[in-house]
1. With the structure loaded, tell me whether Gly261 is at positive phi and either more than 14 Å from the chain's Cα centre (by Cα) or buried (at least 24 other Cβ atoms within 10 Å of the Cβ) (or both) or whether it fails that test.
2. Report, ordered by the first and then the second residue, all pairs with beta carbons closer than 6 Å, sequence separation of six or more or different chains, a first member in the range 103-121 that is closer than 13 Å to Ala83 by Cα and in contact (Cβ under 8 Å) with a residue 60 or more places away in the chain, and a second member that is open to solvent by 40 Å² or more (accessible area, probe 1.4 Å) and basic (Lys, Arg).
3. List pairs: first residue in the range 130-158 and assigned to a loop (DSSP other than H, G, I, E, B), second residue surrounded by fewer than 20 Cβ atoms within 10 Å (Cβ to Cβ) and basic (Lys, Arg) anywhere in the structure, Cβ distance under 9 angstrom, at least six positions apart or on different chains.
4. Out of curiosity, is Ala70 in a helix (DSSP H, G or I), touching a residue at least 12 places away in the same chain (Cβ under 8 Å) and not polar (S, T, N, Q)?
5. Scan the range 282-320 residue by residue and report those that are within 23 Å of Pro11 (Cβ to Cβ) and part of a helix (DSSP H, G or I).
6. What tally of residues in the range 73-96 results from selecting those that are over 19 Å from Glu290 (Cβ atoms) and surrounded by fewer than 19 Cβ atoms within 10 Å (Cβ to Cβ)?
7. Gln21 versus (1) open to solvent by 20 Å² or more (accessible area, probe 1.4 Å); (2) touching a residue at least 60 places away in the same chain (Cβ under 8 Å); (3) among the polar types (S, T, N, Q): which is the lone unmet condition?
Amino acid sequence: MTHGFGPVAAPDAQVRAAAEQRQRQLTKPAGSLGRLEQLGNWVAACQGVCPPAQFERARVVVFAGDHGVAGHGVSAYPSEVTAQMVANFLAGGAAVNALAAVAGATVRVVDIAVDGDTDPSVSGHKVRRGSGAIDREDALSADEVTAALAAGRAIADEEIDGGADLLVAGDMGIGNTTPATVLVATLTGTEPVAAVGRGTGVDDAGWIRKVAAIRDGMRRARPIATDPVDLLRVAAGADFAAMAGFLAQAAIRRTPVLLDGVVVTAAALVAEDLAAGAKAWWLPAHRSTEPAHDLALKHLRLDPLIDLDMRLGEGSGALTALPVLRAAVATLAEMSTFADAGVSTADEPDSVDLAK
C-alpha cells in the first residue's frame, strides 16, 4: 500500500489460462487472429469469467483543467478554449461525442481546474481555477493535491458503482501537454528536447518557449521525482492528480481502462507509482504523435492498439480503438468451437481416399 491506495490484485490468471485454452478450440487456426486473441484473453481475465461479456456500459470521463503555463506562449490556443470546449462536450458537438456514439460509449466531462465558470453539472469536483505555472511555481498546494486525488478516486467509484464495465480516461486543457511532458521526461530520465512535441500545433517560436518551460519545470520536479504525490503537486496540476487517482482506483476496483494519449498516459505513470500493479488493468489505445507518449508507453511496457497519427486528446484515440477491443471480446465469446460446429481440427484431418 502506498499513499492511501490499497493493494492492486492482478487480473485472474486462471481465467486467462481458460481463455487461452478456448482460443485453441475455436474454429480458426491457432493464433490466426493475432493480437485480438491476446486482447480477448485480457478482457476475460479482467472480468474473471470465460468467455467474457461484451461491454454494456463503456464510459468516457474527460478531465478538464487549465494550466498557468499556457499564459507563457506554449500553446497555439488561448486558455479560454478549455471552458468553451467543456460546453461543447455538454452540447454533444466534440470529437469525443461523435466517436463515443460510434463505439457504443457514453461521455462524462468533469471540471477539475478550469479557469472559468462551467455548468454546475460538471463542477462538483472542482479543486481550483487553473493550476499554477509549473515553470516558476508549484501547480497546487498540499491540500489541493489531496483534494484532486480524492476527486479522481470518487469519480472512479461513482462510475463503477453506476455500472461502468470499461472506463476511458480523456483530457481537455490548453497547455496540458507541457506538464505531461515534464512528468514523462522526469520519470524516464529524458532530456526536454527529446520529449517535447507540438501539442496543439505551436510554431517554431512556440516550440522553443515550450522547451524552456519544460526544462524549468523539470528542474523543479527532479528533487521530488520519487514522491508521486509531491510530483503531482509541484509539476503537474489538479487534472493530472485527479486522473492519477481515477486510474489507480479503477485498478483497485478491478475495472479495465483504455488509456488515451500523452496527457492521460503521463498521469498513468504517476498512478502506477501510487498503486503498484495498476497498469495490469490498463490498455493503451493508440500511439500519439507526441514524443513523450512513446516514452511513457515504453516505460510502462505497454503496447498501443492503433497508430493513426492522432494527437487530439479528449479520449478520441481510445474511442477509435474501442471497436477493436469489442471485436476481441466478440470473437472469443461468440465463435463456435470445433466440437460445437462439427469442424475437424488440425489433429483430426478429413479422411482422404488415397486410392483415387
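1. Working: at positive phi: no; either more than 14 Å from the chain's Cα centre (by Cα) or buried (at least 24 other Cβ atoms within 10 Å of the Cβ) (or both): yes.
Against the criterion (at positive phi and either more than 14 Å from the chain's Cα centre (by Cα) or buried (at least 24 other Cβ atoms within 10 Å of the Cβ) (or both)), Gly261 does not qualify.
2. Partner pairs satisfying both residue conditions: Ala113/Arg128.
3. Note: pairs meeting the criteria are Ile134/Arg220; Asp135/Arg215; Asp135/Arg219; Asp135/Arg220; Arg136/Arg220; Glu137/Arg220; Asp138/Arg220.
4. Spelling it out, Ala70 is indeed in a helix (DSSP H, G or I), touching a residue at least 12 places away in the same chain (Cβ under 8 Å) and not polar (S, T, N, Q).
5. Within the range 282-320, Ala296, Leu297, Lys298, His299, Leu300, Gly317, Ala318, Leu319 meet the criteria.
6. Quick first cut of the range 73-96, residues over 19 Å from Glu290 (Cβ atoms) only: 78-80, 83-84, 86-94.
Add one more test, that the residue is surrounded by fewer than 19 Cβ atoms within 10 Å (Cβ to Cβ), and what stays is 78, 80, 84, 87-88, 90-93.
Going through the range 73-96 one residue at a time, the tally reaches 9.
7. Of everything listed in (1) open to solvent by 20 Å² or more (accessible area, probe 1.4 Å); (2) touching a residue at least 60 places away in the same chain (Cβ under 8 Å); (3) among the polar types (S, T, N, Q), Gln21 misses just condition (2).
Yes/no matrix, rows are residues, columns are (1) aliphatic (A, V, I, L, M); (2) under 26 Å from Val110 (Cα atoms):
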{"residue": "Ala244", "(1), (2)": "yes, yes"}
{"residue": "Ala248", "(1), (2)": "yes, yes"}
{"residue": "Asp260", "(1), (2)": "no, yes"}
{"residue": "Ala266", "(1), (2)": "yes, yes"}
{"residue": "Glu272", "(1), (2)": "no, yes"}
{"residue": "Leu283", "(1), (2)": "yes, yes"}
{"residue": "Thr289", "(1), (2)": "no, yes"}
{"residue": "Ala296", "(1), (2)": "yes, yes"}
{"residue": "Ala327", "(1), (2)": "yes, no"}
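The values are calculated or read from the model by the stated rules, or taken from the named source; none is laboratory data. Note that this is a predicted model, so its numbers are computed, not measured. Cβ sites come from the backbone with ideal geometry, for glycine too, and all protein chains shown count toward neighbours. Surface areas here come from the heavy atoms of the whole protein model, side chains and all, with no ligands, DNA or RNA. Shrake-Rupley method; radii C 1.70, N 1.55, O 1.52, S 1.80 Å.
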